Amino acid sequence: MNAEPPSDALRPVRAELLRTARADADVILSEARRDADRTLAAARTEAEAILGRARQDGAADGRAAARQELTRARSAARNAELAARGAAYAELRRRITARLRELCQADPAYGERLAARARSLLGPDARVVGHPDGGVLATAPGRVVDLGLPAVTDRALERIGSDAEALWEP
């Protein structure tokens, strides 16, 4: 009997996960970019207005106040952009996990393949139990393998690595 290597068994799920993640990321990224653009435009408008008022207030004091306000506005815009990116990443992670859960429910053998993968990593005597969020959690003396869906999602996003940042770049 030719058993499919555990890593090959997960290949279609990984490919679908990556395809879905990219599609979801495109939507989330588009929304985040629009939000960031609006925030940046508002911050620039506010900074320009503050700068105009500062010029009217006097040379030295006006320039110092304008610099402080511009710095604050830029900082606020950057914080808003980072918050939008964080929210987009969290939403992407949530969507990937939900999609992975759907894929696992559609393929009842998926849990068995995860259990087989865990045993291949920890040995045949590993204790494998269902993970509360889907997937499995396996233990052997001194070792743990978390193949729960949130951990699988996190590892997939880690593999994307710095490429994930490209999702937020214009």
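The values are calculated or read from the model by the stated rules, or taken from the named source; none is laboratory data. Owing to the predicted nature of the structure, the values given are computational and were not obtained by experimental measurement. Cβ placement follows ideal geometry from the backbone for every residue including glycine, while neighbour counts extend to all protein chains displayed.
The sole residue among Val152, Val129 that is exposed (fewer than 14 other Cβ atoms within 10 Å of the Cβ) and touching a Leu at 6+ places or on another chain (Cβ under 7 Å) is Val129. Is there a residue being within 22 Å of the chain's Cα centre (by Cα) and either exposed (fewer than 14 other Cβ atoms within 10 Å of the Cβ) or among the polar types (S, T, N, Q) (or both) anywhere in the stretch 70-84? There is at least one residue in the stretch 70-84 that is within 22 Å of the chain's Cα centre (by Cα) and either exposed (fewer than 14 other Cβ atoms within 10 Å of the Cβ) or among the polar types (S, T, N, Q) (or both).
Do the conditions hold for Leu137, that is, is it surrounded by fewer than 16 Cβ atoms within 10 Å (Cβ to Cβ) and of a type outside the set (S, T, N, Q)? Here the answer is no, as Leu137 does not meet what is asked. Tell me, yes or no, whether the stretch 94-113 has at least one residue that is touching a residue at least 12 places away in the same chain (Cβ under 8 Å) and within 30 Å of Ala42 (Cβ to Cβ). Looking through the stretch 94-113, at least one residue is touching a residue at least 12 places away in the same chain (Cβ under 8 Å) and within 30 Å of Ala42 (Cβ to Cβ).
Just to be sure, is Ala25 closer than 20 Å to Val13 by Cα and either aromatic (Phe, Trp, Tyr) or modelled with pLDDT of 90 or more (or both)? Considered against the rule, which asks whether it is closer than 20 Å to Val13 by Cα and either aromatic (Phe, Trp, Tyr) or modelled with pLDDT of 90 or more (or both), Ala25 comes out as no.
Taking every residue in the stretch 139-157 that is over 26 Å from Ala21 (Cβ atoms) and charged (D, E, K, R) and pairing it with any residue that is modelled with pLDDT of 90 or more and surrounded by 15 or more Cβ atoms within 10 Å (Cβ to Cβ), at least 6 positions away or on another chain, the pairs with Cβ-Cβ distances below 6 Å are Arg143/Leu122.
Give the residues of the stretch 85-101 that are surrounded by 13 or more Cβ atoms within 10 Å (Cβ to Cβ) and not basic (Lys, Arg), sorted by residue number. Ala87, Ala88, Tyr89, Glu91, Leu92, Ile96, Thr97, Ala98, Leu100, listed by residue number. Number of residues in the stretch 23-36 that are loosely packed, with under 13 Cβ neighbours inside 10 Å and either of a type in the set (D, E, K, R) or more than 29 Å from Arg94 (Cα to Cα) (or both): the value is 2.
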